[in-house]
Amino acid sequence: MKKSSQILGQPIISILDGTEIGKVKSLVINPDKGAIDFLTIEHEDWQVSVKAIPFKKVIGIGAYAVTVDSDRAVIDLNEIPIANQLVNKKIKIIATKVMTRKGELLGEVKEYYVDDETGNLLGLVLQIHEQEVVMSSEFVLTYGKDIIIIQEEAASHFLNSAEQLIQLESEEASELHHEADQVENGELNLFKEKQVQLLKGKKVKADILNHDGDVIIAAGTILTAEDVVRAQNAGAGVVVELSMNVEE
């Protein structure tokens, strides 16, 4: 996770030849995605056209530099209409006022945090009266040129520091992984249940061995659900062997 200020002004280094392509001039925000799509480049030889690097071409953002594979990552924004449209929207975020969906003006943005792997906006640092708070970007409804619109309930979820935002993002990532594991396990269990239904009641034509060479299902056995589960527990290869050696 990086502050925008930790990216702006950084030299952009080509890994292929170790040369400096230029410096990060600005971050081009895609308001619909809530992410940085491009980094524009400041270079003394490029005064007429706007050169940029798609964020997906960034290899890393370190303490010293932004790295890319080579200068082939550089594009001319004038040649890509969608990219040029994003630049012309001028979504700057910093110093933009923050208002709830019902029209309550809360303050303005002092800084924002970016996922340096994906470019997604993770959170905003808001100046509210004399206090600075951190807000997760999940509460943002609209990134506008003049106003950022947020959900009313955001105020009850303000954080005191970036560390809390990191912890929040970590917890959300863990939850997503957990949900993905549950889905994967559910699909696996469904697949195994189908195997049981398919093989149950069939007659085994040859001894089925586990990986240690032990017979776990003897030839002539009329398969039960327990027999099929025993084969599944012995490994996928054993189940394949079983399915090839059964008859009605």
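The values are calculated or read from the model by the stated rules, or taken from the named source; none is laboratory data. Just so it is clear, the model here is predicted, and its values are computed rather than measured. Positions of Cβ are backbone-derived with ideal geometry, glycine not excepted, and every protein chain shown enters the neighbour counts. Accessible surface is based on the protein model in full, side chains and every heavy atom, while ligands, DNA and RNA are left aside. Shrake-Rupley method; radii C 1.70, N 1.55, O 1.52, S 1.80 Å.
Within the stretch 188-236, being closer than 19 Å to E248 by Cα and among the small types (G, A, S) holds for G201, A206, A218, A219, G220, A225, A231. Any residue at all in the stretch 53-76 that's within 30 Å of Q131 (Cα to Cα) and surrounded by 15 or more Cβ atoms within 10 Å (Cβ to Cβ)? Among the residues of the stretch 53-76, at least one is within 30 Å of Q131 (Cα to Cα) and surrounded by 15 or more Cβ atoms within 10 Å (Cβ to Cβ), which makes the answer yes.
For the stretch 1-22, the set of residues classified as open to solvent by less than 80 Å² (accessible area, probe 1.4 Å) and either over 20 Å from L165 (Cβ atoms) or aromatic (F, W, Y) (or both) consists of G9, Q10, P11, I12, I13, S14, G18, T19, I21, G22, listed by residue number.
Filter the stretch 123-161 down to the residues that are within 23 Å of the chain's Cα centre (by Cα), open to solvent by less than 20 Å² (accessible area, probe 1.4 Å) and more than 17 Å from K102 (Cα to Cα) and list them by number. If the condition is that a residue be within 23 Å of the chain's Cα centre (by Cα), open to solvent by less than 20 Å² (accessible area, probe 1.4 Å) and more than 17 Å from K102 (Cα to Cα), then G123, L124, V125, V134, M135, S136 are the ones that fit.
Filtering the stretch 85-120 to residues that are open to solvent by 40 Å² or more (accessible area, probe 1.4 Å) and under 15 Å from L8 (Cβ atoms) leaves K92, I94, A95, K110. When the residues of the stretch 163-214 are filtered to those that are of a type in the set (G, A, S) and modelled with pLDDT of 80 or more, the one that is nearest to D115 (Cα to Cα) is G213. Quickly run through the stretch 199-209 and pick out the residues that are without any contact (Cβ under 8 Å) to a residue 40 or more places away in the chain and exposed (fewer than 14 other Cβ atoms within 10 Å of the Cβ). Answer for the stretch 199-209, where residues must be without any contact (Cβ under 8 Å) to a residue 40 or more places away in the chain and exposed (fewer than 14 other Cβ atoms within 10 Å of the Cβ): just G201. Scanning the stretch 193-248 for residues that are assigned to a helix (DSSP H, G or I) and in contact with a His (Cβ under 9 Å, 6 or more places away or on another chain) turns up A234, G237, V238. Take the conditions (1) farther than 14 Å from S137 by Cβ; (2) surrounded by fewer than 20 Cβ atoms within 10 Å (Cβ to Cβ); F38 misses just one of them, which is (2).
Being within 20 Å of L121 (Cα to Cα) and among the acidic types (D, E) is a condition met by no residue of the stretch 78-88. If you go through the stretch 102-124 and keep only what is without any contact (Cβ under 8 Å) to a residue 60 or more places away in the chain and either of a type in the set (D, E) or touching a strand residue (DSSP E or B) at 6+ places or on another chain (Cβ under 6 Å) (or both), you end up with E104, L105, L106, G107, E108, V109, K110, E117, G123, L124.
Total residues in the stretch 212-246 satisfying the condition of being within 16 Å of E193 (Cβ to Cβ) and hydrophobic (A, V, I, L, M, F, W, C): the figure is 8.
Let's see how each residue does on (1) on the phi < 0 side of the Ramachandran plot; (2) hydrophobic (A, V, I, L, M, F, W, C); (3) assigned to a strand (DSSP E or B):
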| site | (1), (2), (3) |
| --- | --- |
| N78 | yes, no, no |
| V98 | yes, yes, yes |
| E108 | yes, no, yes |
| Y112 | yes, no, yes |
| D116 | yes, no, no |
| E132 | yes, no, yes |
| M135 | yes, yes, yes |
| L141 | yes, yes, yes |
| K145 | yes, no, no |
